[in-house]
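Throughout, read-outs are computed from the coordinates displayed, never taken from laboratory work. Bear in mind the structure is a predicted one, so any value in this text is a computation, not a measurement. Here Cβ is always computed from backbone atoms with ideal geometry, including for glycine, and neighbour counts include all displayed protein chains.
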Amino acid sequence: MGAIGAGIAALGAGLGVGLIGSRAMEAIARQPEAVSLIQRNMILTAALVEGAALFGIVVGMLAK
């Protein structure tokens, strides 16, 4: 059962990071002068999503 939870956490993180990248590219296309600010926020947000996913995977593996 824990493996299912870990898989769901990994799937959610993958979708989340994909959406972050997609929206960042749309924002850069609309405002090319704000590239550095958008990239910085994108990387920070992706790191937070990955951290939450890692936490979910660990909790999923520890659950019995």
Quiz item: Residues 7, 14, 2: which one is among the small types (Gly, Ala, Ser) and in contact with a helix residue (DSSP H, G or I) (Cβ under 7 Å, 6 or more places away or on another chain)?
Solution: 2
Quiz prompt | Some residue of segment 33-48 being of a type in the set (Asp, Glu) and surrounded by 12 or more Cβ atoms within 10 Å (Cβ to Cβ) | solution = no
Quiz item: Conditions: (1) touching a residue at least 60 places away in the same chain (Cβ under 8 Å); (2) surrounded by 12 or more Cβ atoms within 10 Å (Cβ to Cβ). Residue 62 meets all but one. Number of the miss?
Solution: (2)
